[in-house]
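Q: Just dropping this structure here.
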């Protein structure tokens with residue numbers, strides 16, 4: 001069992017010593033919102049190991065010449081990036097779950113005869129409209145008798161093709 005780095009266990013004097021800073025500096029960072037420790041029931045500050053790491057990072061940035069406002073903005077952006085990464089991870093997990101769920105039951109949607117949405121299984125064709133050439137079984141009969149010309153690729157025979165000259169009159 002590991003140590004929880006987010007557990008607020010250090011009082012301000014110990015945290016200041018661990019971060020090699022003065023306790024007043026930690027209070028200032030708290031007031032400015034740069035590093036906000038947890039509060040104990042008596043309102044005393046309690047710092048976690050993660051807070052100590054942040055204090056060290058703040059100290060490093062300060063020594064490099066970054067202003068306290070700049071440091072605050074950097075910390076805000078780092079927190080935002082962390083939150084966004086967590087959200088991306090959650091959404092990726094949800095997407096994977098959805099893909100597994102839908103791959104088991106692949107469905108296709110098509111327009112029905114009345115303009116409604118019809119759910120079909122993958123590979124299933126929608127039913128032919130009443131009175132269509134396919135439904136009447138005339139396509140193969142007409143092809144064999146030479147009364148049905150070759151249709152354009154992807155087209156099916158129906159009454160409209162008779163009007164366009166693809167189907168010769170009987």
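The values are calculated or read from the model by the stated rules, or taken from the named source; none is laboratory data. Here the structure is a predicted model, which is why all the values come from computation and not from measurement. Note that each Cβ is placed from the backbone with ideal geometry, even for glycine, and that neighbours are counted across all protein chains shown.
Q: Please tell me if residue 151 is out of contact with any strand residue (DSSP E or B) (no Cβ under 9 Å at 6 or more places or on another chain) and modelled with pLDDT of 60 or more.
A: no
Q: Only one of 26, 84 is more than 30 Å from residue 125 (Cα to Cα), more than 36 Å from the chain's Cα centre (by Cα) and modelled with pLDDT of 95 or more. Can you tell me which?
A: Answer to the selection: 26.
Q: So which residues in the stretch 11-29 are exposed (fewer than 15 other Cβ atoms within 10 Å of the Cβ) and in a loop (DSSP other than H, G, I, E, B)?
A: Within the stretch 11-29, 20, 22 qualify.
Q: For the stretch 30-81, which positions are crowded, with 17+ Cβ neighbours inside 10 Å, touching a helix residue (DSSP H, G or I) at 6+ places or on another chain (Cβ under 8 Å) and outside any helix (DSSP H, G or I)?
A: 34, 35, 37, 45, 47
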